[in-house]
Each structure stands twice: as C-alpha cells, then as structure tokens.
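Colleague: Structure incoming, see below.
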Amino acid sequence: MNVSIEPVTVWALKGSVEHPLKNCRHGQSRILTPMEYQLLLRELPPKFRVLLKLCCVSGFRISEALSIRRTDLIGDTITLRKNDTKGALETRQVPIPSDLVLELLALPTEGAFFFSGRELDKPMTRQNADYVLRNTCKKVGIIGFSWHGTRRYFINTLHHSNVPMKVIQKAVGHRHLASTSKYIDVEPEHIRQAVSLLWSAV
C-alpha cells in the first residue's frame, strides 16, 4: 500500500516558538516530509511499517492503534472501543483504505490484537513501539519525530484540505474544538493565501 504524504506536510519542518520540535522526548513532534516517510517505510520492520501507515491515515494515538483487536476491523472500518480511547470518552469508527485492510489482515496471527505483545493476550506496549521508531529514526537521521507526529499530520492535512473542523474533531475523538485547534500549524504563506481571496473584491 502507498499511503501518500503530500508536500503540504512541509509546513511543520522547522517548528516555531509556539511549537518547538521534539528533542530528547520533550516538545512537539514535527511532521515527516514525503522523502522521510518513504525512508522510514523502507527501514522499519514490516509490522511497524503497517503501524506507521495506520496512524497516518486514521489519526489514532499510538496507544489507540496498538489496542485494536482483530475483531475491531469489519470491512474497511475500525471500531475503536471507548475504553481504549484517551479519557474513555466514546467509541468511534474510522474507515481505512482497502489496501491497508489487506496489510493488517496479512500480519502474523499472534494473538487477539493486530499488534500483540510478548503476552499474546495483550497489545504491544507503547514503550516497545517508541523504542523501534526512535532507533529507526536515529539510523536514518530523522530528528524531532515521534508517533504523535502522525496525528499532527492527519489533523493538519485535513484542515489544510478545507475539511470542517467539527469533522476533524469527531474523527480524532476530541471533546472540544480547542483541543483540535492546538494541532493546527499556521505559516505566513497560509495567511497570505487566505487574505488574498479578498483582493479581487477591493
């Protein structure tokens, strides 16, 4: 499957005063460039490649993605159980591409979860997923990226594609719009593009 990372993701490369890049596990993860995304896909172990794709197209937190059971996937839709969400707010359903469905189903059947841990009746730990991603990023020279960067990618890409904020809020499971808004990066070029819509009227 080829989950595309569009050029629009370049907006978060350098960070800002409000959103400093992640350093030594502190700060905010940036968003991958298309080249970095493909580089990670090549270097990550197979199971983690699927995990990266899933997080990019679903907006799941890493803990939510790891909690998905095989029975949670019906057709092309993943049901994220209420107790597996942050704050246990509500159950939500997110559709995913058909190619990714096939990749999930092709993962080794090692337990109840798509991403099972050593104990097959439990999911992989977040610490394990973080460890693999950090080591792979270090190997290929990617700085300032963590799993949460995939959630920022999801929210920013939808926002800059003019998807209504209420829809994005619902998709990522935020209780308040203000929580979703915190993920949005606004660069000078975005402001210029916005205000230029009025220029023809004056």
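The values are calculated or read from the model by the stated rules, or taken from the named source; none is laboratory data. Nothing here was measured: the structure is a model prediction, and the numbers come from that model. Note that we place each Cβ from the backbone using ideal geometry, even for glycine, and neighbour counts take in every protein chain shown. Only protein heavy atoms, including side chains, enter the accessible area calculation; ligands, DNA and RNA are left aside. Shrake-Rupley method; radii C 1.70, N 1.55, O 1.52, S 1.80 Å.
Colleague: Which one of Val195, Val140 is loosely packed, with under 15 Cβ neighbours inside 10 Å, aliphatic (A, V, I, L, M) and touching an Asp or Glu at 6+ places or on another chain (Cβ under 7 Å)?
Modeller: Answer to the selection: Val140.
Colleague: While we're here: So, restricting to helices (runs of 4 or more DSSP H) that lie completely within the range 138-188, which ones have at least 1 residues that are of a type in the set (D, E, K, R)?
Modeller: Helices (runs of 4 or more DSSP H) meeting the threshold: 148-160, 165-172.
Colleague: Taking helices (runs of 4 or more DSSP H) that do not extend beyond the range 34-84, which have at least 3 residues that are touching a strand residue (DSSP E or B) at 6+ places or on another chain (Cβ under 9 Å)?
Modeller: Helices (runs of 4 or more DSSP H) meeting the threshold: 46-58, 62-66.
Colleague: Do you know which of the residues in the range 87-100 that are in contact with a Ser or Thr (Cβ under 9 Å, 6 or more places away or on another chain), of a type outside the set (Ser, Thr, Tyr) and free of Cβ contacts under 8 Å to residues at least 60 places away in the same chain is nearest to Ile68 (Cα to Cα)?
Modeller: The extreme case among them is Gln93.
Colleague: Going through the range 100-125 one residue at a time, which ones are open to solvent by 60 Å² or more (accessible area, probe 1.4 Å) and in a loop (DSSP other than H, G, I, E, B)? Walk me through how you get there before you give the answer.
Modeller: Looking only at the range 100-125, we keep the residues that are open to solvent by 60 Å² or more (accessible area, probe 1.4 Å), and these are 102, 105-106, 108-110, 118-122, 125.
If the condition is that a residue be open to solvent by 60 Å² or more (accessible area, probe 1.4 Å) and in a loop (DSSP other than H, G, I, E, B), then Pro108, Thr109, Glu110, Arg118, Glu119, Leu120, Asp121, Lys122, Thr125 are the ones that fit.
Colleague: Continuing with this model, one more query. Of the conditions (1) surrounded by fewer than 21 Cβ atoms within 10 Å (Cβ to Cβ); (2) without any contact (Cβ under 8 Å) to a residue 40 or more places away in the chain; (3) among the hydroxyl-bearing types (Ser, Thr, Tyr), Ser146 clears all except one; give me its number.
Modeller: Answer for Ser146: the failing condition is (2).
Colleague: For the range 126-137, enumerate the residues that are open to solvent by 30 Å² or more (accessible area, probe 1.4 Å) and touching a residue at least 40 places away in the same chain (Cβ under 8 Å). Write out each step before concluding.
Modeller: Within the range 126-137, the subset open to solvent by 30 Å² or more (accessible area, probe 1.4 Å) is 126-128, 130-131, 134-135.
Matches in the range 126-137: Arg126, Asp130.
Colleague: Could you tell me how many of the residues in the range 37-84 are buried (at least 21 other Cβ atoms within 10 Å of the Cβ) and polar (S, T, N, Q)?
Modeller: 2
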